[in-house]
Amino acid sequence: MQREQEMAENEKERIDKDRRFSHAVDIRNQVGLNDQLRRKARREFLQEGEQLRTKMSSEKVKLDTIKERKLDSLRGEGVPEKYTVELNRKKFS
């Protein structure tokens with residue numbers, strides 16, 4: 001009788017231990033997954049920022065090129081410098 005009780009108690013402890021271990025593994029997996037998702041989101045955020053900077057830089061180059069062509073055109077047509085000063089000062093950011 002006592003031996004059966006001890007065996008039942010040991011079995012219950014083993015089941016509880018297995019359940020705790022399984023739960024700990026699940027929690028670790030969840031933490032790892034959340035960490036991966038957080039890192040991925042951060043990488044995507046930084047990559048998006050880099051793409052925006054690249055796009056802004058290319059747009060600035062494009063606008064500067066257009067400005068220089070326009071100034072060259074105005075100078076070629078003989079427009080006095082005093083009329084092109086404002087366009088010449090224009091900075092694109």
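Taking into account only those residues within region 44-93 that are of a type in the set (S, T, N, Q) and assigned to a helix (DSSP H, G or I), which is modelled with the lowest pLDDT?
Of the residues in region 44-93, the ones of a type in the set (S, T, N, Q) are 47, 51, 54, 57-58, 65, 73, 84, 88, 93.
Now restrict to residues that are assigned to a helix (DSSP H, G or I): 47, 51, 54, 57-58, 65, 73, 88.
Details: Q47: 98, Q51: 98, T54: 97, S57: 94, S58: 95, T65: 93, S73: 93, N88: 83.
Checking each candidate, the answer is N88.
When you go through E4, E48, E9 one by one, which is the residue that is of a type in the set (D, E), open to solvent by 100 Å² or more (accessible area, probe 1.4 Å) and within 32 Å of the chain's Cα centre (by Cα)?
On the way: E4 fails: within 32 Å of the chain's Cα centre (by Cα); E9 fails: within 32 Å of the chain's Cα centre (by Cα).
Exactly one of E4, E48, E9 is of a type in the set (D, E), open to solvent by 100 Å² or more (accessible area, probe 1.4 Å) and within 32 Å of the chain's Cα centre (by Cα), namely E48.
Output the residues belonging to region 5-54 that are farther than 30 Å from S93 by Cα and aliphatic (A, V, I, L, M).
M7, A8, I15, A24, V25, I27, V31, L33, L37
The values are calculated or read from the model by the stated rules, or taken from the named source; none is laboratory data. Remember, it's a predicted structure, so these values are computed and weren't measured experimentally. Surface areas here come from the heavy atoms of the whole protein model, side chains and all, with no ligands, DNA or RNA. Shrake-Rupley method; radii C 1.70, N 1.55, O 1.52, S 1.80 Å.
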